[in-house]
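Worksheet: the structure to be examined is printed underneath.
The values are calculated or read from the model by the stated rules, or taken from the named source; none is laboratory data. Bear in mind that the values here come from a model prediction, so they are computed numbers and not experimental data. Please note: Cβ atoms are built from the backbone with ideal geometry, for glycine as well, and neighbour counts cover all protein chains shown. The accessibility values were calculated without ligands, DNA or RNA, using every heavy atom of the protein model including side chains. Shrake-Rupley method; radii C 1.70, N 1.55, O 1.52, S 1.80 Å.
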Amino acid sequence: MKVIASFSGGKDSVLSIDRAMREHEVVGLLTTFRDESSWFHELSRAKLQQIADAMRCQFFPITVSGGEEYTSDFVAALIQIKEEIGIEGIVFGDIDLESHRAWCENLAEQAGLAAIFPLWGENREALVAEFLGKGYKTLIKKVDKNKLGANFLGKTLTSDITQEIKSMGYDPCGENGEYHTMVYDGPTFAQAVEYSLGEIYEDDWSWMIRVE
């Protein structure tokens, strides 16, 4: 099946693509933007384009509004991409949040696409261990300021760090929003993505670091 992936740039998204590539033809990566930064992971278009190029996939950056318009804008973009390149499905990196899976399935259905969840229902800690075991490299881009400190920002994720997070009483996979990542190398990458770290900044909920 010819598919695209809903792409955040993070570890779960990349692992879902890694698995999907075994059964499907992954031809593109789609990322939603509010302006020049992506929703949720706060990554630039330029950096995500570099990641898509390294993964040898076409990149589809789409600007979507917030609130109820987020879904309708997303569906409209999917329909346009479907008409342009003939995709039949979309890959999601969800693991076990039922409400978000239902949203994804509704999104795909409205666009006339199959919703594919390669990681669904698996153990969270085992998934992050698989990701690291495959040789992927990812840095911590964003953390929930009520759970993790800014000292985690910019670090390359390791099994020691996941165990440190677990020892603090949080999910080592970060599935509850404890942290978000940016993958910069691994077995599905033609080459590593170079980056530099900038300033640390914050909003009401998160600490973030600029990645250029």
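So what's the back-of-envelope 222 nm ellipticity for the chain, counting only DSSP H runs of four-plus at -39500 (n - 2.57) apiece and dividing by all residues, rounded to 500?
Taken over the chain, the calculation gives -10000 deg cm²/dmol.
Pick from His41, His100, His180: which is most flexible by mean-square fluctuation in a GNM of the chain where alpha carbon atoms under 10 Å apart are linked?
Highest fluctuation among the options: His100.
Once the piece of chain linking Glu68 and Tyr195 is laid out straight, how much longer is it, given 0.36 nm per residue of separation minus the C-alpha distance between them?
Additional length available on full extension: 42.3 nm.
What are the semi-axes of the equivalent ellipsoid for the range 1-107, taken as the square roots of 5 times the Cα gyration tensor eigenvalues, largest first, in whole Å?
18, 17, 15
Each residue of the range 66-73 in order: what ³J(HN,Hα) in whole Hz does its phi give by Karplus 6.51 cos²θ - 1.76 cosθ + 1.60, θ = phi - 60°, with x for Gly and Pro?
3J(HN,Hα) across the range 66-73, in whole Hz: x, x, 5, 6, 4, 5, 5, 5.
Modelling each spin label as a point 7 Å along the Cα-to-Cβ direction, I'd like the Ile79/Ala102 distance in nm, to one decimal.
Once both label points are built, they end up 2.4 nm from each other.
Pick from Gly28, Gly154, Gly135: which residue has the top mean-square fluctuation in a GNM of the chain where Cα pairs under 10 Å get a spring?
Ranking Gly28, Gly154, Gly135 by mean-square fluctuation puts Gly135 first.
Separation of the range 45-59 and the range 134-209 by C-alpha centroid, Å?
So the separation of the two Cα centres works out to 19 Å.
Provide the FRET efficiency to the nearest 0.05 for the Asp144-Ser37 pair, computing r from the beta carbons and using R0 = 22 Å.
FRET efficiency, Asp144 to Ser37: 0.80.
Roughly what % antiparallel, to the nearest 5, for the DSSP beta bridges in the range 1-69?
Antiparallel: roughly 15 percent of the beta bridges in the range 1-69.
Would you work out what percent of the accessible area of the range 124-212, with all protein chains in place, is carbon or sulfur (probe 1.4 Å)?
After summing per-atom areas, the C and S share lands at 46 percent.
Looking at the chain, send over the antiparallel percent of its DSSP beta bridges, to the nearest 5.
50
Once ligands and nucleic acids are excluded and a 1.4 Å probe is used, how much of Glu83 is accessible, expressed in Å² to the nearest 10?
150
What is the distance, in nm, between label points placed 7 Å from the Cα along the Cα-to-Cβ direction at Lys134 and at Gln49?
Each label point lies 7 Å from its Cα, and together they span 2.6 nm.
Taking only pairs that are 8 or more places apart or on different chains, how many Lys pairs in the range 55-212 have Cα atoms under 18 angstrom apart?
Qualifying lysine pairs in the range 55-212: 9.
Under 5 Å between amide hydrogens, which residues at least 5 positions from Thr138 or on another chain qualify, with H placed 1.01 Å from N in the peptide plane?
Result for Thr138 returns Leu157, Tyr184.
Positive end of the dipole of the chain, charges at C-beta (+1 Lys, Arg; -1 Asp, Glu), about the Cα centre: which of Gln50, Val3, Asn123 has its Cα farthest in that direction?
Result: Gln50.
Taking a probe of 1.4 Å, how large is the accessible area per residue of the range 35-188, in Å²?
With all protein chains present, the range 35-188 gives 44 Å² per residue.
Would you mind computing, in nm to one decimal, how far apart the modelled labels at Asp160 and Trp205 are, each placed 7 Å from Cα along Cα→Cβ?
3.2
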